[in-house]
Amino acid sequence: MKMSTVRLTINGLRVHVPAGISVATAIALVGQPFRHSVTGEPRAPLCGMGVCFECRVRIDGVAQQRACQRVVNPGMRVETDG
Amino acid sequence: MVDACDIVVVGAGPAGLAAAEAAASHGKRVVLIDSQPRAGGQVWRHDALHGQPRVAMDAIRAAAGNANVTYLEGTQVVAVEPERLLLQDARRGFHLAYGALVLATGARELLLPFPGWTLPGVTGAGGLQALAKQGWPLRGKRVLIAGSGPLLFAAAATAQRHGAHVVGIHEQAGASAVHRFAAGLWRWPGKLAQAARLRLELARVPYRTGSIVTTAEGDHGVSGAHVRGGQGDERIECDLLAVGYGLLPQVELAQLLGCALEPEGAHARVQVGPWQATSQPRVFAAGEACGIGGIDCARVEGHIAGLAAAGAAVPRALVQRRDRARAFAASLRQHFALRDDVRGLANDDTTICRCEDVSLGAVRTHTDAREAKLATRCGMGACQGRICGGALAELGHGPRGGMRPPLFPTRLATLGEPVLSSVSDTRGYTP
Amino acid sequence: MSGHDLIIVGAGIVGAACADYATMQGMRIAIVEPGVVGGGATAAAMGHLVAMDDDPAELALAHYSLGLWEAFANLPQAEFSRCGTLWVASNDEEFARIPEKIARLAASGVAAERVDARELYRLEPSLAPGLAGGMRVANEAVVFPPAVARHWVDRAITRGATYHADAVFRLDDRGVLLHGGQRLHGPVLLATGGALPSLLPGLPVRLRKGHLVITDRYPGVIRHQLLELGYADSAHGGDAASVAFNVQPRPTGQILIGSSREYDAVDTGVSMEMIRRMLERSFHFLPRLRELDAIRLWTGFRPVSVDGLPYLGRAPGRDDVWVAAAHEGLGVTTSLGSARVVVDQILGRAPAIDPTPYDPSRVQP
Ligand SMILES: Cc1cc2nc3c(=O)[nH]c(=O)nc-3n(C[C@H](O)[C@H](O)[C@H](O)COP(=O)(O)OP(=O)(O)OC[C@H]3O[C@@H](n4cnc5c(N)ncnc54)[C@H](O)[C@@H]3O)c2cc1C
Ligand SMILES: Cc1cc2nc3c(=O)[nH]c(=O)nc-3n(C[C@H](O)[C@H](O)[C@H](O)COP(=O)(O)OP(=O)(O)OC[C@H]3O[C@@H](n4cnc5c(N)ncnc54)[C@H](O)[C@@H]3O)c2cc1C
Ligand code: FES
């Protein structure tokens, strides 16, 4: 079975990732950092299920979206330190 | 105008799916809601690489595929009003009136703080499993799994199937407790078979009991962990560290609805009667929201709740099955009870509130959760105290206070949405 | 137990300010508070330090207090942020009334300036198009009230105040009787906010419920506390439930959205209907809010006197009972001035501003 891919941009980089994965996973796949905490520490997904809010990113201009709760869509614009 | 339906089921895990199917099969119009992009809940979470097990696909087809069921995926319940819910999906907010409600909101992981737990690469155990199923890159990664309970095995197996090198599973409970639990498993043959399968699959992975991760280390991400156990302290190198201390019921929606809760250890679960009725009229609850009980318990409770919400008779056999499944849960709780030292891993400098970066030392001096919140911002952030609240309760700093709306961070447009929309608009909306 | 110079009942922002000032004057005081310090109306407030020009006595007290707040501008836990206030004119008529307002404020020493539409959008690009202009009060600020109350109580305790985590059950001839049975002797200052009538039935207080919404962190969306110039109409208007555009940038980047006013609501619960009305009003002025996430909704009760001015002074017909309560929607702002007006009188000194308008004896039994 050949996996279809989706094209999106993450922090301005154009990337191809497998269809059906979460935005959080796409960020990890391309090796981009996640958010910084309010005192500037680097953070990354913790719970994987939408309750910890450590994976928040900006998607298509809207900030504070949980990346583990969204599946990648073609053309999505994702920014990780919004 | 608010569009109505007979029964709203919140949560499309094993409990919610069973409830929706049972109610729909009695001719009720059911709306099934789940915030995740796909049905299945935690245990049947869709795996981007391996799909879903047959039993999950069957349960999903039986519920979401039923002509009487409208399934709204990627939709979150965010607030309640008398007789109606406020919902939002990625695009919009809308109201939904209900005749009866089944809460099948499941559980989340109990995550306890220890030095280094905020480093990227440190996740929950179930958290790692969930991320793996979303496609998280694990191939060739050294993964250390720790915490407590059977979920550690499930997480390890998933990680391994995704190509991870699992360097060890560290269970905090002592060997004798774990052996007693295993020795009692014959009473639940299904569980025994499942445990045996997992053990075989993980035969090459070292399993340690009485062993605790005390610290995670690394510069920009985790690179190793200190483990304390029978053989003293050792440092284990890893690329990912997954630590989960079991589960706690998600009762926030029940709380907003005014349903009575009862204690489950240091946490709370929804109080239900023999037919899964909560203390609020026409509100039922099923599955792990009513106490951690595992998948079999969730399915049978969902079935009972669906029948009861539909006003149908509940066969005695179902009630007996539920009670047997609940007995399994009690055995789990007893044997995997947390040892005191896991509550003492965090020091005064350890971050407890990850949203607002508040240290344990800052909140320790306050005796009252509300006072601590006003003085330190602990629990004021986006997770609304879900992570730090559970941890503080487990650490003995008192229970969390009442729940204020919204249930999850919610677009202001949704909260400002006039009471007009109708659920029929959303039929056929499947992204 | 020996007598106190003063027993302060209630540790909201007003009682806390009184405790801080009284101990600064060397008084030996007791503080009685059954709950969390600053956990009443004080914890629900927006924390906007603002002068309103619609009543001269209110304005005098606000201006006096705003000067005193400067001493806390650098206190970290106060989260003091001098964002300024920008009053927004929806139409030419409101815009035309700005000079009168500026004159009234100036007469009390508060500096304000009129800004035309161009300047308005330069200051706040996210405002909806079509507004006429506004009035900017650059010096005004916002604080986090419960943390300030906590700080003042802690300071009073370091100066020797005793703290009693209990409620006053009733007043007696020589002081107060606590629920736990303990008696404290000395003159009494009631700073119990909306609960005043339960200890002093002669002074009526009505509760005016308010709803607030706070967002996640979105730094830079707005820079000033923004209010509609029509606000005063709703703030001091009649009995009907009303909403007004009133949004605040928190130093965290969060946006705090008010405000609703509703008399005689009894339950503390959030009314989604009220939230809808409030947000509709806010979207009208600030459409960008629609896409932001709210993380919490809550309510609070403003304690309102018979005429909207606080009760500050001796309780009618009582020698040793004093009152500092019923500050409606301005008690955070006016806490510092209120404390001085009352405590100076207790010490037999003339307050810095004329205390007559706030004298509780204005209430006829
Ligand atoms: C991360 C994690 C991994 C797990 N992995 C396993 C495993 O591998 N094997 C195993 O046997 N058990 C596992 N469990 C235990 C699992 O919880 C139960 O076995 C089973 O899934 C419980 O079923 P449930 O229907 O009660 O709840 P869940 O399956 O948790 O389903 C609850 C659903 O409700 C939804 N929901 C909650 N609140 C709202 C809301 N406000 N609006 C909309 N939707 C909402 C959630 O998105 C979720 O999908 C795991 C638990 C967790 C937390
Ligand atoms: C939604 C809202 C927004 C607001 N925004 C602002 C604003 O932006 N700016 C502003 O200046 N003001 C604002 N206010 C008004 C301000 O919050 C109040 O005027 C102020 O907090 C009143 O303070 P207080 O100390 O009198 O009352 P409280 O804070 O209510 O304190 C009274 C205390 O007395 C205690 N008490 C009661 N009975 C007893 C007893 N028998 N014995 C002992 N103790 C007792 C209570 O426990 C309580 O702690 C707002 C109010 C609301 C509701
Ligand atoms: S990883 Fe916890 S919310 Fe996404």
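The values are calculated or read from the model by the stated rules, or taken from the named source; none is laboratory data. Everything quoted here is computed from the prediction, not taken from an experiment. Heads up, the Cβs are rebuilt from the backbone with ideal geometry, glycines too, and the neighbour counts pull from every protein chain shown. Heads up: the accessible areas ignore ligands, DNA and RNA and are worked out on the full protein's heavy atoms, side chains in. Shrake-Rupley method; radii C 1.70, N 1.55, O 1.52, S 1.80 Å.
Brief remarks follow.
- Computed from backbone phi, the HN-Hα couplings of region C:205-216 come to 9, 9, 9, 10, 6, x, 10, 9, 10, 10, 9, 5 Hz, rounded to whole numbers (Karplus: 6.51 cos²θ - 1.76 cosθ + 1.60, θ = phi - 60°; Gly and Pro given as x).
- Taking every protein chain into account, the 1.4 Å probe leaves B:Ser176 with about 70 Å² of accessible area, to the nearest ten.
- Between region C:9-87 and region C:194-208, the alpha-carbon center distance in angstrom: 20
- Judged by the gyration tensor of its Cα atoms, with axes a ≥ b ≥ c, chain C is prolate; a/c meets the 1.5 cut and a/b is the larger of a/b and b/c.
- Value of relative contact order over region B:120-245, rounded to a whole percent, pairs C-alpha under 8 Å and six or more apart: 34
- Within straight-line reach of C:Lys101, meaning a Cα separation under 12 Å, sit the following aspartates and glutamates at least 8 residues removed in sequence or on another chain: C:Asp53, C:Asp54, C:Asp55, C:Glu113.
- Mean-position separation - Cα centroids, region B:30-90 and region B:174-231, in angstrom: 31
- Positive contributions from Lys and Arg (+1) and negative ones from Asp and Glu (-1), summed over other residues with Cβ under 14 Å from the Cβ of C:Pro99, come out at -2.
- Listed by chain and number, the lysines placed with their C-alpha closer than 24 angstrom to that of C:Lys209 are B:Lys373; residues fewer than eight positions away on the same chain are left out.
- Scanning residues 5 or more positions from B:Tyr71 or on other chains, those with amide H under 5 Å from its amide H are B:Leu32, with H placed 1.01 Å from N in the peptide plane.
- Test item: Cα-centred dipole of region A:5-79, Lys/Arg +1 and Asp/Glu -1 on Cβ, debye: 140
- From phi via Karplus (6.51, -1.76, 1.60), per-residue ³J(HN,Hα) for region C:271-279 in Hz, x at Gly/Pro: 9, 5, 5, 5, 4, 4, 4, 5, 5
- B:Lys373, B:Lys191, reordered so the largest accessible area comes first (probe 1.4 Å): B:Lys373, B:Lys191
- Under-5 Å amide H pairs with A:Asn11, H placed in peptide plane, nonlocal only: A:Val78, A:Glu79, A:Thr80
- Net +/- balance of residues flanking B:Gln320 in space, Cβ distance below 15 Å, scoring K and R +1, D and E -1: +4
- Taking each residue as 0.36 nm, the span from C:Ser361 to C:Asp55 lengthens on full extension beyond its C-alpha to C-alpha distance by 108.2 nm.
- Size of charge dipole - region B:296-387 - debye, nearest 20, with Cβ of Lys, Arg +1 and Asp, Glu -1, no other charges: 560
- Amide hydrogen proximity for C:Ser260: with H placed 1.01 Å from N in the peptide plane, the residues at 5 or more positions away or on another chain lying under 5 Å are C:His211.
- Cα gyration tensor shape of region B:347-394, rounded if a/c is under 1.5, else prolate or oblate by comparing a/b with b/c: rounded
- In this simple spin-label approximation, B:Arg161 and B:Arg139 carry label points 7 Å from Cα along the Cα→Cβ vector, and these lie 1.8 nm apart.
- Rounded to the nearest 10 square angstrom, C:Leu127 shows an accessible area of 10 square angstrom against a 1.4 Å probe.
- Rough spin-label spacing in nm, given labels placed 7 Å along Cα→Cβ, for C:His284 and C:Arg174: 6.0
- Gyration tensor verdict on region B:93-211 (Cα atoms; rounded if a/c is under 1.5, prolate if a/b is larger than b/c, oblate otherwise): oblate
- For B:His303, the solvent-accessible surface with a 1.4 Å probe is about 70 Å², rounded to the nearest 10.
- Given charges at Cβ of Lys, Arg, Asp, Glu: the protein assembly as shown dipole, positive-most of B:Gln160, A:Pro33, C:Gly331: B:Gln160
- The candidates C:Asp239, B:Asp47, arranged from most to least accessible area with a 1.4 Å probe in the full protein assembly, appear as C:Asp239, B:Asp47.
- Considering helices alone, the calculated mean residue ellipticity of the protein assembly as shown at 222 nm is -8000 deg cm²/dmol, with DSSP H runs of length four and up weighted by -39500 (n - 2.57) and normalised per residue.
- Region C:12-64: relative contact order in percent, alpha carbon pairs under 8 Å with at least 6 residues between: 30
- Placing +1 on each Lys and Arg Cβ and -1 on each Asp and Glu Cβ, with no other charges, gives region B:120-245 a dipole about its Cα centre of roughly 600 debye.
- Reach of B:Lys141 by Cα under 25 Å, taken over lysines that are not fewer than 8 positions away in the same chain: A:Lys2, B:Lys133
- Dipole of the protein assembly as shown, positive direction: furthest Cα of C:Leu66, B:Leu395, B:Gly265, with charges on the beta-carbon: B:Gly265
- Take every pair of alpha-carbon atoms less than 8 Å apart whose residues are at least six positions apart; their mean separation over the length of region C:50-146 yields a relative contact order of 39 percent.
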